[in-house]
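Novice: I have a structure I would like to understand better, so I am pasting it below and will then ask my questions one at a time.
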Amino acid sequence: MENFIGRRKELSALDAAFASEQSGMVPIYGRRRVGKSELVRRFLRGKRGVYFVGKRAPGPLLLREFLREAAVALEEPLLASFGAESWKEALEAVVDRWKGRGKLVLALDEFQWIVEANPELPSVLQELWDRRWSRGDEVLLILCGSYVGFMEREVLGQKSPLFGRRTAQILVKPFGYQEAALFHPGYSLVDRARTYFVCGGVPLYLRAFIDDRSVEDNIAANLLDEYAALYREPEFLLREELRELASYDAILEALADGASAAREISKRTGVGNRALPYYLKQLVELGYVGRRFPLTGRPPVSKQVRFTLEDPLLRFWFRFVFPNTSFVQQGGSHRAFAERVRPGLDAYFGACFERLCREALPRIYERERVQAGYEVGEYWDREVQIDVVGLRRDNWVDLGECRWGPVRSARALVVYLDGKVDRYPNPRGATIGRRVFTRSAVGGRRDAKGVHWHRLEDLYH
């Protein structure tokens, strides 16, 4: 908690809800390990409130635990023995005990598990909100959940009893690459980027990497040591939310190894075409897998969809650790790194660098004072892959090439990019700009006129 990094906008939104003269209902959601609970606990510093974490347990047990937590948090011992038979009775009792002492924060974390055991809870909260809380200034209700699909359906969706009642909402995303870099001030920019390629923007994973070790040593210590905390993290992460892990593991391994089309994933995994959409849907709702389409400005076509493994740690783990589990346990972490990870690491980082460049393009546009709206993505067809596409609404489109490895000839690289530009469909007839993203400075750029060059250092400033 002392090394809390980032989340200024999220904390400001919660502070504004607390300071409001009206009661508030704020859903907070996002994938697991992203720091939602830490955000709520940080917000609660110096405030009196009830913070309750749900779990998979019988409904009556959760209700009793909630009252015990409230008794301690509010210094109201009688609440612990209060014989509430429903969540409505319990919540009314807690709020009534606090009445007259300012705004009370009620934070229900892992909300999806509380509702799983008590399906009536959303309707109970709707009734309390409509009849009591919304008319005053006594309650700030925070509903925090990790299952994105559940939160969007059961809290934010039109069919939810709570629909339209939120006073704010916070989607907590993993940190971007610039914020993630703050976790390792002792690293070079290259090593900060490489750490981001493995850990993503998840605080728990970033803190596991310490910058008095090399990135390679951190990988070996944290991901290739069978006793390390992150060694089984993906397995635990998936087991908390999913069943039939064998099918999910096979799909994630295929994605990590480069499969992206549904037909190819089905062929590699043995999961039939009828069953595969269900598994992919669950992974998309959890925020681990994304659906991508080639960016041209035309409406997306379903047969062009690519499924991508969005979570960096899962992507690394299913690429290097999961397929080599036996070797890791027999050969040890350092041998496993040397023989099974190091040979493919630069190519892996190269693909990750493409993602970072797409993430960086909006910041580049901001520095360049681009006023038009835009979309950022990539383009592919059977003949060409374009790493970065910036489709702007001012009749301009940027096409970019990314190179993590050394660039021997700036001119040759631009010629290569020009060949891709010629194959881009450009249905709107927009002006095409060219951009090249590299890890370090490239000589001979004066011979490549009309091209914007961006080093890794430029992306971090």
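Novice: Calculate one ³J(HN,Hα) per residue across segment 377-390 by plugging θ = phi - 60° into the Karplus curve 6.51 cos²θ - 1.76 cosθ + 1.60, and present them in order as whole Hz with x for glycine and proline.
Specialist: Using θ = phi - 60°, the values come out as x, 9, 9, 8, 8, 5, 10, 8, 10, 10, 5, 10, 10, x Hz.
Novice: If amide hydrogens are placed 1.01 Å from N in the peptide plane, which non-local residues have theirs closer than 5 Å to the one on Leu140?
Specialist: The answer is Gly24, Leu104, Val105, Leu106.
Novice: To the nearest Å, what is the center-to-center distance of segment 317-332 and segment 395-453, using C-alpha atoms only?
Specialist: Answer, in whole Å: 38.
Novice: List the residues whose amide H sits under 5 Å from the amide H of Leu295, counting only those 5 or more places along or on another chain, with H placed 1.01 Å from N in the peptide plane.
Specialist: Glu378, Tyr379, Trp380
Novice: First check a/c for segment 9-164, with a ≥ b ≥ c the square roots of the eigenvalues of its C-alpha gyration tensor; if it is under 1.5, answer rounded, and if not, answer prolate when a/b is larger than b/c or oblate otherwise.
Specialist: The shape class here is rounded.
Novice: Arrange the peptides 4-11, 301-308 so that the one whose residues have, on average, the most other Cβ atoms within 10 Å appears first.
Specialist: 4-11, 301-308
Novice: Extension gain Lys159-Lys173, at 0.36 nm per residue separation less the Cα-Cα distance, in nm?
Specialist: Numbers: separation 14, 0.36 × 14 = 5.04 nm, distance 2.47 nm.
Extra length available between Lys159 and Lys173 comes to 2.6 nm.
Novice: Starting from the Cα gyration tensor of segment 305-422, take the square roots of the eigenvalues, sort them a ≥ b ≥ c, and report rounded, prolate or oblate (rounded when a/c is under 1.5, otherwise prolate if a/b is larger than b/c, else oblate).
Specialist: prolate
Novice: Given that just one value was derived from the coordinates, which of (i) 33, 29, 20; (ii) 78, 25, 15; (iii) 44, 26, 23 is semi-axes √(5λ) of the Cα gyration tensor in Å?
Specialist: So the structure-derived entry is (iii).
Novice: Assuming a ≥ b ≥ c are the square roots of the Cα gyration tensor eigenvalues, decide whether segment 286-342 counts as rounded (a/c under 1.5), prolate (otherwise, with a/b larger than b/c) or oblate.
Specialist: prolate
Novice: Using a 10 Å cut-off on Cβ atoms, rank the peptides 400-407, 450-457 from the highest mean neighbour count down.
Specialist: Packing proxy ranking, top to bottom: 400-407, 450-457.
Novice: Related question: Would you mind telling me the antiparallel percentage of the DSSP bridges in the chain, rounded to 5?
Specialist: About 35 percent, rounded to the nearest 5.
Novice: Just list whichever of Lys55/Lys88; Lys88/Lys281; Lys159/Lys281; Lys267/Lys420 have alpha carbons separated by over 22 Å in the model shown. List each step's numbers first, then the result.
Specialist: On the way: Lys55/Lys88 19 Å; Lys88/Lys281 34 Å; Lys159/Lys281 20 Å; Lys267/Lys420 30 Å.
As for pairs spanning more than 22 Å Cα to Cα, those are Lys88/Lys281; Lys267/Lys420.
Novice: Still on this structure: Evaluate E = 1/(1 + (r/R0)^6) for Glu89 and Arg291, where r is the Cβ-Cβ distance and R0 equals 35 Å; express this FRET efficiency to the nearest 0.05. Numbers along the way, then the final one.
Specialist: Numbers: r = 44 Å, r/R0 = 1.25.
Computed FRET efficiency for Glu89 and Arg291 comes out at 0.20.
Novice: If you don't mind, another one. So if R0 is 35 Å, what FRET efficiency would Arg213 and Glu38 give, r being the distance between their Cβ atoms, rounded to the nearest 0.05?
Specialist: Plugging the Cβ-Cβ distance into 1/(1 + (r/R0)^6) gives 0.90.
Novice: OK, next. Work out how much length Val301 to Ala351 would gain on full extension: take 0.36 nm times their residue separation and subtract the Cα-Cα distance, in nm to one decimal.
Specialist: Result for the pair: 15.6 nm of gain on full extension.
Novice: Among the lysines, which fall within straight-line cross-link reach of Lys9, defined as a Cα-Cα distance under 22 Å, with same-chain neighbours fewer than 8 residues apart omitted?
Specialist: Lys36, Lys47, Lys103, Lys173
Novice: Can I ask one more? If I compute solvent accessible area with a 1.4 Å probe over the protein chains, what percent of it on the chain is carbon and sulfur? Provide the component values of the computation, followed by the final result.
Specialist: Numbers: 10260 of 22040 Å².
Answer for the chain: carbon and sulfur cover 47 percent of the accessible area.
Novice: How large is the charge dipole for segment 103-163, taken about the Cα centre, if only the Cβ atoms of Lys, Arg (+1) and Asp, Glu (-1) carry charge, to the nearest 20 debye?
Specialist: 220
Novice: Now a separate question. Per residue, how much accessible surface does the chain expose to a 1.4 Å probe? Answer in Å², no decimals. Could the numbers behind the result be given before it?
Specialist: On the way: 22040 Å² over 461 residues.
So the chain comes to 48 Å² accessible per residue, rounded to a whole number.
Novice: Sort 318-325, 380-387, 291-298, 200-207 by packing, meaning the average of other beta carbons within 10 Å per residue, with the highest value first.
Specialist: 200-207, 318-325, 291-298, 380-387
The values are calculated or read from the model by the stated rules, or taken from the named source; none is laboratory data. Note that the structure is a prediction, hence the values are computed from the model and not measured. Neighbour counts run over all protein chains shown; Cβ positions are idealised from the backbone, glycine included. For accessibility, only protein heavy atoms count, side chains too; no ligands or nucleic acids. Shrake-Rupley method; radii C 1.70, N 1.55, O 1.52, S 1.80 Å.
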